[in-house]
Amino acid sequence: MPVDLSLYLVTDSTPAILKGRDLCTVVESALQGGVTVVQYRDKTNDTGVLVETARKLHQVTKKYNVPLLINDRVDVALAIGAEGVHLGQDDMSFEEAKKLLPENAIIGITTSSVEEAKKATADGADYIGVGTMFATSTKTNTKSVIGTAGTQIILDAIKDSAIGTVAIGGINHSNVQRVIYQSQSPKKGLDGVAIVSAIIAADDPKASAEKFAELILNAPQFAQASKPPRTNEVEALLNEAPQIIRKMIEVHPLVHNMINFVVSNFVANVALSIGASPIMSPYGDEATDLCKLDGALLINMGTLTSDSVSNYLKAIKAYNERGNPVVYDPVGAAATHIRRNAVTQLMAGGYFDLIKGNEGEIRQVWGKSTVQQRGVDSGPSTLDGNQKATLARDLARRERTVVLLTGATDYLSDGERVIAVENGHPYLGQVTGTGCAIGTISGCFLAAHRSDRLLAVLSGILMYEIAAENAAAKEYVRGPGSFVPAFVDELYAIRTAAAKGDDSWFAGRA
Ligand code: 3NM
Ligand code: MG
C-alpha cells in the first residue's frame with residue numbers, strides 16, 4: 001500500500017515551535033484534523049528520549065492508522081517498530097538503511113536537485129521530500145531554496161517514475177494551493193506537502209490541519225478562473241478581440257494600481273479613457289477592501305521603496321485569495337540588487353495572472369539573466385525574435401500563467417500559444433508611462449474577460465497600439481509631446497466607437 005503523502009506532518013520539539021506543549025497531544029490533534037503521515041524529527045534530544053517519545057507517538061499514530069516515520073535515526077525506527085524512516089543527504093545511505101530495516105519499511109529521501117532526485121528514484125526510495133520550497137526559520141541550514149520553479153524541474157526529471165513526492169519548506173495556508181499548482185510539471189505533480197510550523201506552532205493544530213486538508217483538495221481560485229483556451233487560431237482570436245473590448249467597456253472594471261509615481265497620472269488617464277476605473281493605492285492593507293470589487297491589481301515596481309515589497313505581498317495575497325487577476329510589471333528588474341531581490345520575493349510570494357516586461361526584465365524573472373540593466377529603460381536587445389518568443393513561452397509554462405514580453409514586437413504567450421504583435425508606433429518609446437500603462441490596461445481586460453487570459457491581454461494591447469498608430473498619424477502630432485494628448489483622445493475615440501458596436505477602427509489593422 002503506497003503511503004498517502006497528501007498532508008505530511010513533520011514534528012519539531014524546539015520551544016519556539018512546540019511552545020511548551022506536549023508533542024503527543026499536538027500530533028494527536030493534527031491527526032484529528034486530517035494529517036496522513038507523521039515524521040518524528042528531533043535534532044536535540046538524547047537517544048533515550050527519542051526512543052521514548054517515538055514510542056508514545058507511535059501509539060497515537062496507530063490509533064489513526066497513519067504511518068510514523070523517524071527522521072535520520074534508523075536505530076530508533078527499529079527500536080520501536082516504526083513504519084519507516086526519512087533520510088537527509090547527510091544521513092545513512094539508502095542502501096544501508098534498506099539492509100537494516102524490514103522489507104516493507106517506508107524510506108523517504110530529502111532531495112534538492114535533479115541528481116539527488118534521480119538517485120533516490122533509481123535506488124527505489126518510496127518518496128522524496130523536495131525542497132527547500134521557500135526559506136523558513138524552522139530550518140535555516142537548508143542547502144538551497146528552489147521554489148516552485150526548481151521543484152517543477154525535479155518533478156519533470158523523474159516524470160516516468162511512480163515515486164512519491166512531497167514539497168517542504170515555508171508552506172502555509174496562504175501558499176499551499178499555489179505551491180501545488182505551480183510546481184506541477186506536465187507529467188508529474190506533487191503528491192503532498194510537508195508542514196512543520198504551520199501545524200505544530202498553530203494555536204489549534206487540528207483546525208490548521210483541517211484547513212490544509214480542505215485547501216489541498218481544491219485548485220486555487222486563480223486556476224479555477226482560467227479555463228483552458230478555446231482556440232489556437234490567431235484569426236479566430238483576432239475576430240473575437242472587438243467583442244472583448246466591448247465587454248471590458250461594459251464591465252467598467254476597477255484597476256488597482258500599485259505603480260510608480262512617475263507615470264501615475266498618465267496611467268490613470270489611460271485607464272479612464274478606455275472606460276475602466278483606476279485607483280492608485282500603494283497601501284497594501286487597502287487591498288483587503290479593494291479586492292472585493294472584483295477588479296484587477298497591478299504591481300509596478302518602478303519606484304520601489306523600503307516598504308514596497310511587504311505592501312505588494314499583502315495586496316497580492318488578498319487578490320489571489322479571491323481569484324481576482326494580478327499583473328506584475330517588474331520594472332528595472334535587473335537594475336539593482338534591491339530590485340533583483342524584490343523579483344525573487346514577489347515571485348515566491350504570490351501568483352501573477354500576467355507577467356509583463358521588456359527583455360531584460362523578463363530575463364531577470366526567468367532567472368538566468370547575466371545582463372546588468374543600466375536604468376529602467378529597455379536597454380540593448382540580445383535576443384532575436386525566436387528567442388524572445390521562446391523565453392515568453394517558457395516562462396509562461398513554468399509559472400503556469402501568461403507572459404507579455406514587450407518591445408518593437410510584443411510576444412504574448414500562455415505557455416502553449418505564442419502571438420507576436422507588430423502594432424504600435426515609435427513615439428510610444430519616447431514617452432514615459434506608455435509601457436507601464438500596458439500593465440494597467442491588461443489588468444482591466446483580465447478582470448473583464450476571465451475565460452481566456454491570452455485573448456484578454458491581446459485585445460487590450462491591440463486597442464492600445466492601434467490607438468497609438470491613429471494618434472501618430474494626426475497631422476498636428478509633431479513629436480512625443482503632442483502625441484500624448486492625441487493618444488489619450490484616440491483611446492477614447494476607440495472606446496466610444498466600440499461601445500456603439502462600431503468595429504471599423506479594427507478592420508484590417510491587427
Ligand atoms: N526540511 P516549515 S525545510 C524539516 O528543505 C525541513 O529539507 C527542509 O518547516 C528541507 O514547514 C524544513 O515550518 C522545515 O517551514 C520546514
Ligand atoms: Mg537529516
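Key figures for this structure:
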quantity: Karplus (6.51, -1.76, 1.60) ³J(HN,Hα), θ = phi - 60°, over the stretch 242-249, in Hz, Gly and Pro reported as x; calculated: x, 5, 5, 5, 4, 4, 4, 5
quantity: In sequence order, calculated HN-Hα J values of the stretch 199-211 (Karplus, 6.51, -1.76, 1.60; Hz; x Gly/Pro); calculated: 10, 5, 8, 5, 4, 10, x, 5, 4, 5, 5, 4, 5
quantity: Net charge dipole size for the chain [Lys, Arg +1 and Asp, Glu -1 on Cβ; Debye, nearest 20]; calculated: 180
quantity: Positive minus negative residues near N423 (Lys, Arg vs Asp, Glu; Cβ under 12 Å); calculated: -3
quantity: Proximal charge balance of I168 [Cβ under 13 Å; K/R count +1, D/E count -1]; calculated: +1
quantity: Estimated inter-spin distance, A79 and Q387, nm [label 7 Å along Cα→Cβ]; calculated: 5.9
quantity: E416-E250 pseudo-label distance in nm [points 7 Å out on the Cα-to-Cβ vector]; calculated: 2.5
quantity: Sorted peptide list for 433-441, 145-153, 244-252, criterion being average Cβ within 10 angstrom, highest first; calculated: 433-441, 145-153, 244-252
quantity: Positive-pole candidate from F445, I107, A82, dipole of the chain, charges at beta carbon; calculated: F445
quantity: Span per principal axis, largest first, for the Cα atoms of the stretch 112-229 (Å); calculated: 43, 40, 22
quantity: Size of electric dipole in the stretch 236-378: Cβ of Lys, Arg +1 and of Asp, Glu -1, about Cα centre, debye, nearest 20; calculated: 320
quantity: DSSP-defined beta bridges in the chain - what % are antiparallel, rounded to 5; calculated: 15
quantity: Length released on extending from E103 to S451, taking residue separation times 0.36 nm less the Cα-Cα span; calculated: 120.2 nm
quantity: Qualifying lysines (Cα of each under 20 Å from Cα of K43; at least 8 residues distant if same chain); calculated: K19, K56, K139, K143
quantity: Other-chain or far-sequence residues with amide H under 5 Å of Q39's (modelled H); calculated: L9, V10, T11, L69
quantity: Ranked list, fewest to most other Cβ atoms within 10 Å of each Cβ, for S442, S413; calculated: S413, S442
quantity: Gained length - S281 relative to V114, 0.36 nm times residue gap less alpha-carbon distance; calculated: 55.9 nm
quantity: Separation in nanometres of the label points that stand 7 Å from Cα toward Cβ, at D394 and S137; calculated: 3.7
quantity: Two-site FRET efficiency, V49 against A149, from Cβ-Cβ distance with R₀ of 35 Å, rounded to 0.05; calculated: 0.30
quantity: Global form of the stretch 81-168, assessed from the alpha-carbon gyration tensor, a/c cut-off 1.5; calculated: oblate
quantity: Sequence-distant residues sharing a close amide H with G164 (under 5 Å, placed H); calculated: Y127, I128
quantity: The stretch 418-459 - convex hull of alpha carbons, volume per residue in Å³; calculated: 67
quantity: Rg to Rh quotient for the chain, alpha carbon positions, Kirkwood Rh; calculated: 1.05
quantity: Counted charge near L7, where neighbours are those whose Cβ lies closer than 14 Å (Asp, Glu -1; Lys, Arg +1); calculated: -2
quantity: Sequence of V35, V418 once ranked by neighbouring C-beta atoms within 10 Å, starting from the fewest; calculated: V418, V35
quantity: Cα gyration tensor, the stretch 436-495 - rounded (a/c under 1.5), prolate or oblate; calculated: prolate
quantity: For I106, residues with placed amide H under 5 Å, excluding near neighbours; calculated: G84, V85
quantity: Fewest-first sequence of F266, F487 by Cβ atoms within 10 Å of each Cβ; calculated: F266, F487
quantity: Rounded to whole Hz, the Karplus (6.51, -1.76, 1.60) HN-Hα couplings of the stretch 107-118, x for glycine and proline; calculated: 10, x, 10, 6, 9, 10, 9, 4, 4, 5, 5, 5
quantity: Rounded to 10°, Cα long-axis angle of helix 453-472 versus longest principal axis of the chain; calculated: 30
quantity: Cα shape, the stretch 196-347, gyration tensor, a/c 1.5 rule; calculated: oblate
quantity: Magnitude of the charge dipole, the stretch 71-123, Cβ model with Lys/Arg +1 and Asp/Glu -1, debye to 20; calculated: 100
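Computed from the coordinates by the stated procedures, all read-outs in this text should not be read as laboratory data. Because the structure is predicted, anything quoted here is derived from the model rather than measured. Because the Cβ atoms are built from the backbone with ideal geometry, glycine has one as well, and the counts that use them run over all protein chains shown.
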